[in-house]
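Asker: Below is the structure I would like to discuss, written out as structure tokens.
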Ligand code: NAD
Ligand code: DAU
């Protein structure tokens, strides 16, 4: 059994689906179902006894203690977070609470549980896998080398500062208490179930609806993009083979400007779902920039490639085509997110899984 936090979110739900497609090891999924949690993502697991959903908060120490004692997981994979930079600028408190206090609570609960494990082998095999971001490293200039694991932490947004704080806590719990942790810092993910507040899914749903495509500033900020299934495979690899106390950067070697991304989406939609009114690029609308907007992220993923043999399976071209096609094939998912009815899946899922709230 492994405990996943944030398993109803974008990456967590992809991770659980991929995990259970490859293994019968059960998953306990602890998620608070904030606006970003969507149990519909896991609809294909309804009634599957390998997936147990628990509606709860990672900052609830009593709940986490009880779950660890009852289910005795061999690992915790910690995805739960507030994850959207724009929201962190408008309201940073939730980011400090979940990303910092929530991670602290999980670490303390994990430490007590790990110390209580009966044998040295069981303690050595336990893992606390902290899922983090490349944004903790700050922003690169146009000719700077990509972020290596040794790059200084220079977070610039409330989101990245809260993730950096959580990374530091995880590191300290290893050095001080010996908790067997691994941390991964990944670049921008994209793929199925991506909440349409983030660049790629927002552009797809707006372009399909003939709505403006809001590009911040000059559109020349650069991100490195990784197909979400490749991130999930990297997390599985690090969980299985990563060395305790180490951090691993994960990236796709796909640096693109935001404008390139938006144009690619427009062109793919024009090909797959032509619009009689004309090419979608006409919808691009330059808007006021994000405050403190990081200019460029790029990941040096050579450590995980060299030490653990992980490499992305998708190119950007194959991954973005799959993603656009997924949104074309799932208008109901998009509609439920847009009209808010995705939140009703809580009741349905409980009925299906038999999990206790
Ligand atoms: P998301 O916002 O889609 O999902 C977050 C999930 O966490 C949701 O299901 C939400 O309900 C849950 N959650 C939030 N607060 C909680 C709490 N207090 N207790 C329990 N559950 C809570 O996020 P995502 O994009 O899937 O990101 C997952 C993780 O990966 C995050 O830690 C994020 O920092 C990291 N990450 C994301 C990306 C990316 O491109 N999306 C890239 C690198 C790293
Ligand atoms: O780098 C990893 C990070 O990637 C993760 O840690 C975060 O959780 C994830 O949200 C993502 O952060 P970004 O801020 O890079 O992602 P976002 O999709 O919000 O924005 C991507 C780029 O597109 C960024 O330069 C801002 C720009 N943008 C975004 C939106 C939503 C626009 O130009 N217009 C938009 O409407």
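The values are calculated or read from the model by the stated rules, or taken from the named source; none is laboratory data. Computed from a predicted structure; not experimentally measured. Heads up, the Cβs are rebuilt from the backbone with ideal geometry, glycines too, and the neighbour counts pull from every protein chain shown.
Asker: For the stretch 171-181, does any single residue satisfy the condition of being surrounded by fewer than 23 Cβ atoms within 10 Å (Cβ to Cβ) and within 17 Å of residue 84 (Cα to Cα)?
Answerer: no
Asker: Ok, one more. Could you tell me whether residue 345 is in a helix (DSSP H, G or I), at pLDDT below 95 and buried (at least 16 other Cβ atoms within 10 Å of the Cβ)?
Answerer: Yes.
Asker: How many residues, within the stretch 47-59, are assigned to a loop (DSSP other than H, G, I, E, B), touching a residue at least 40 places away in the same chain (Cβ under 8 Å) and touching a strand residue (DSSP E or B) at 6+ places or on another chain (Cβ under 9 Å)?
Answerer: Going through the stretch 47-59 one residue at a time, the tally reaches 3.
Asker: Conditions: (1) more than 15 Å from ligand 1 (Cβ to nearest atom); (2) surrounded by 20 or more Cβ atoms within 10 Å (Cβ to Cβ). Residue 160 meets all but one. Number of the miss?
Answerer: (1)
Asker: Hey, another quick one. Residue 257 fails exactly one of the following numbered conditions: (1) over 30 Å from residue 97 (Cβ atoms); (2) buried (at least 24 other Cβ atoms within 10 Å of the Cβ). What is the number of that condition?
Answerer: (2)
Asker: Residue 71: surrounded by 23 or more Cβ atoms within 10 Å (Cβ to Cβ) and more than 12 Å from ligand 1 (Cβ to nearest atom), yes or no?
Answerer: no
Asker: Which is assigned to a helix (DSSP H, G or I), surrounded by 15 or more Cβ atoms within 10 Å (Cβ to Cβ) and in contact with a helix residue (DSSP H, G or I) (Cβ under 8 Å, 6 or more places away or on another chain), of 83, 44, 88? Full working, then the answer.
Answerer: Working: 83 fails: assigned to a helix (DSSP H, G or I); 44 fails: surrounded by 15 or more Cβ atoms within 10 Å (Cβ to Cβ).
Result: 88 is the single residue among 83, 44, 88 that is assigned to a helix (DSSP H, G or I), surrounded by 15 or more Cβ atoms within 10 Å (Cβ to Cβ) and in contact with a helix residue (DSSP H, G or I) (Cβ under 8 Å, 6 or more places away or on another chain).
Asker: Looking at the stretch 198-313, what strands (runs of 3 or more DSSP E) fall wholly within it and have at least 3 residues that are under 21 Å from residue 327 (Cα atoms) and either in contact with a helix residue (DSSP H, G or I) (Cβ under 9 Å, 6 or more places away or on another chain) or near ligand 2 (Cβ under 10 Å from one of its atoms) (or both)?
Answerer: Working: elements: 213-216, 222-227, 247-250, 255-257, 284-287.
It comes to 213-216, 222-227.
Asker: Mind listing whichever residues of the stretch 125-157 are assigned to a helix (DSSP H, G or I) and either surrounded by 19 or more Cβ atoms within 10 Å (Cβ to Cβ) or without any contact (Cβ under 8 Å) to a residue 12 or more places away in the chain (or both)? It would help to see each step written out before you state the result.
Answerer: Start the filter on the stretch 125-157 by keeping residues that are assigned to a helix (DSSP H, G or I), which leaves 125, 134-137.
Selection gives 134, 135, 136, 137.
Asker: Looking at the stretch 77-100 only, could you name the residues that are away from ligand 2 (no atom under 13 Å from the Cβ) and closer than 23 Å to residue 54 by Cβ?
Answerer: 77, 78, 94, 97, 100
Asker: Would you mind stating whether residue 294 is more than 30 Å from residue 25 (Cβ to Cβ), in contact (Cβ under 8 Å) with a residue 12 or more places away in the chain, surrounded by 19 or more Cβ atoms within 10 Å (Cβ to Cβ) and within 16 Å of ligand 1 (Cβ to nearest atom)?
Answerer: Values: more than 30 Å from residue 25 (Cβ to Cβ): yes; in contact (Cβ under 8 Å) with a residue 12 or more places away in the chain: yes; surrounded by 19 or more Cβ atoms within 10 Å (Cβ to Cβ): yes; within 16 Å of ligand 1 (Cβ to nearest atom): yes.
In short, yes.
Asker: Return a yes/no flag: does the stretch 175-183 have any residue that is out of contact with any helix residue (DSSP H, G or I) (no Cβ under 8 Å at 6 or more places or on another chain), away from ligand 1 (no atom under 13 Å from the Cβ), modelled with pLDDT of 95 or more and at negative phi.
Answerer: Yes, some residue in the stretch 175-183 is out of contact with any helix residue (DSSP H, G or I) (no Cβ under 8 Å at 6 or more places or on another chain), away from ligand 1 (no atom under 13 Å from the Cβ), modelled with pLDDT of 95 or more and at negative phi.
Asker: Within the stretch 31-40, count every residue that is outside any loop (DSSP other than H, G, I, E, B) and more than 6 Å from ligand 1 (Cβ to nearest atom). Spell out the reasoning first.
Answerer: Residues of the stretch 31-40 outside any loop (DSSP other than H, G, I, E, B): 31, 39-40.
Still in the running and more than 6 Å from ligand 1 (Cβ to nearest atom): 39-40.
So the answer is 2.
Asker: Among the listed residues 145, 115, 125, identify the single one that is under 30 Å from residue 216 (Cβ atoms) and out of contact with any helix residue (DSSP H, G or I) (no Cβ under 7 Å at 6 or more places or on another chain). If you could, list the steps in order and put the result at the bottom.
Answerer: Working: 115 fails: under 30 Å from residue 216 (Cβ atoms); 125 fails: under 30 Å from residue 216 (Cβ atoms).
Only one candidate passes the filter, namely 145.
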